[in-house]
Amino acid sequence: KAGVTQTPRYLIKTRGQQVTLSCSPISGHRSVSWYQQTPGQGLQFLFEYFSETQRNKGNFPGRFSGRQFSNSRSEMNVSTLELGDSALYLCASRLLAENNEQFFGPGTRLTVL
Amino acid sequence: GENVEQHPSTLSVQEGDSAVIKCTYSDSASNYFPWYKQELGKRPQLIIDIRSNVGEKKDQRIAVTLNKTAKHFSLHITETQPEDSAVYFCAAPWGNTPLVFGKGTRLSVIA
């Protein structure tokens, strides 16, 4: 079974731009979560989508948004990029919202100049 | 909210020795405790997890122990090898948040 995939793997943007990242979960998994990983803050939860609905959201500004499609693929969008948004963005999928085991994708490395 | 504290932040051991990483959590309702290993430039990989109905779980050289009363859990790696060198993260769920992560422990196994 193929693992979680994310595109693109690397991205360079400038301040003020917006960016869209994509995540395809493991086949059959319906829940997709997004995390931001930085050296200073570690792994921080952004939001989770299950059956096309946002289930929970972490403590991030409204510039960070996401959505999920009927095939469980998910996208996250960051608008008005700031230098501090430079990070590794990881998505993780799990079978159901009640199933704890999460499996991570390889991440998208976003650099904001 | 859930707070997961992880210690130590760095750990160096000689090859063949054991390594222990400890985490504490604050939400007594948490019932699932995974450990992830992240090698440089790679994704976090789930290496072992434990649920609140057991106190210990082993998988070859890796074991996790859980003390629900004290709200702490630990990762034990025996007979460490150079390929065990990585950053290890503990985590726990909180409410509808799937996982809250500790800050990570950078383990270096010296050959």
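Read-outs: derived from the displayed coordinates by stated rules, not from any lab. Since the structure is predicted, the reported quantities are computational estimates derived from the model, not experimental observations. Cβ: placed from backbone, ideal geometry, glycine included. Neighbour counts: every protein chain shown.
Taking the simple approach of a point 7 Å from Cα along Cα-to-Cβ for both residue B:7 and residue A:9, what is their distance in nm?
3.9
Between the stretch B:65-111 and the stretch B:1-40, how many Å separate their Cα centres?
The stretch B:65-111 and the stretch B:1-40 have Cα centres separated by 3 Å.
Per residue, what volume in Å³ does the Cα convex hull of the protein assembly as shown take up?
Given the Cα convex hull of the protein assembly as shown, per-residue volume reads 121 Å³.
Order these by the 10 Å Cβ neighbour count, fewest first: A:33, A:51.
Numbers: A:33 28, A:51 12.
The fewest-first ordering by Cβ neighbours comes to A:51, A:33.
Using only the Cα atoms of the stretch A:26-101, construct the convex hull and provide its projected area averaged over every direction, in square nanometres to one decimal. Intermediate results must be reported in sequence, preceding the final value.
On the way: hull surface 20.6 nm².
If you wrap the Cα atoms of the stretch A:26-101 in a convex hull and average its projections, you get 5.1 nm².
Given Cα pairs under 8 Å that are at least 6 residues apart, what percent is the relative contact order of chain B? Write out the running numbers ahead of the final one.
Working: 281 pairs, mean separation 41.2, N = 111.
Over chain B, the number comes to 37 percent.
Take every Cα-Cα distance within the stretch B:1-51, group them into 5 Å bins from 0 onward, and report for each bin the whole-number percent of pairs it holds.
4, 14, 20, 27, 21, 9, 4, 1
Cut-off is 10 Å between beta-carbons; in what order do A:93, B:28, B:74 appear when sorted fewest neighbours first?
So the residues, fewest neighbours to most, are B:28, B:74, A:93.
Hey, with R₀ at 35 Å, roughly what FRET efficiency would residue A:109 and residue B:26 work out to, going by the Cβ-Cβ distance, to 0.05?
Values: r = 32 Å, r/R0 = 0.90.
Between residue A:109 and residue B:26 the formula returns 0.65.
In whole Å, what are the extents of the stretch B:1-86 along the principal axes defined by its C-alpha atoms, from largest to smallest?
The Cα atoms of the stretch B:1-86 stretch 36, 25, 20 Å along their principal axes.
Most exposed first by the Cβ proxy, i.e. fewest other Cβ within 10 Å, how do B:79, A:48 rank? It would help to have the intermediate numbers written out before the result.
Details: B:79 11, A:48 28.
Going from least to most buried by this count: B:79, A:48.
From the phi of every residue in the stretch B:2-15, what ³J(HN,Hα) in whole Hz does the Karplus formula 6.51 cos²θ - 1.76 cosθ + 1.60 yield, where θ is phi - 60° and glycine or proline is x?
Rounded to whole hertz, the list is 5, 10, 10, 9, 10, 9, x, 7, 9, 8, 10, 9, 7, 3.
Can you tell me the FRET efficiency between residue B:78 and residue A:51 if r is taken as the Cβ-Cβ distance and R0 is 35 Å, rounded to the nearest 0.05? If you can, show how the numbers build up before the last one.
Details: r = 42 Å, r/R0 = 1.20.
That pair, residue B:78 with residue A:51, gives E of 0.25.
Enumerate the calculated ³J(HN,Hα) couplings along the stretch B:82-89 in order (Karplus 6.51 cos²θ - 1.76 cosθ + 1.60, θ = phi - 60°), each rounded to whole Hz, writing x wherever the residue is Gly or Pro.
x, 6, 7, 4, 4, 9, 10, 10
Pairs of alpha-carbon atoms within less than 8 angstrom and 6+ residues apart define the contacts here; what relative contact order does chain A have, in percent?
36
Once the Cα atoms of the stretch B:36-111 are picked out, what are the Rg and Dmax in Å?
Cα radius of gyration and Dmax of the stretch B:36-111 are 13.1, 42 Å respectively.
Say R0 is 45 Å: what FRET efficiency, to the nearest 0.05, do residue B:68 and residue A:60 get from their beta-carbon distance? Present the calculation step by step, with values, prior to reporting the outcome.
Values: r = 31 Å, r/R0 = 0.69.
Efficiency, from the Cβ-Cβ distance: 0.90.
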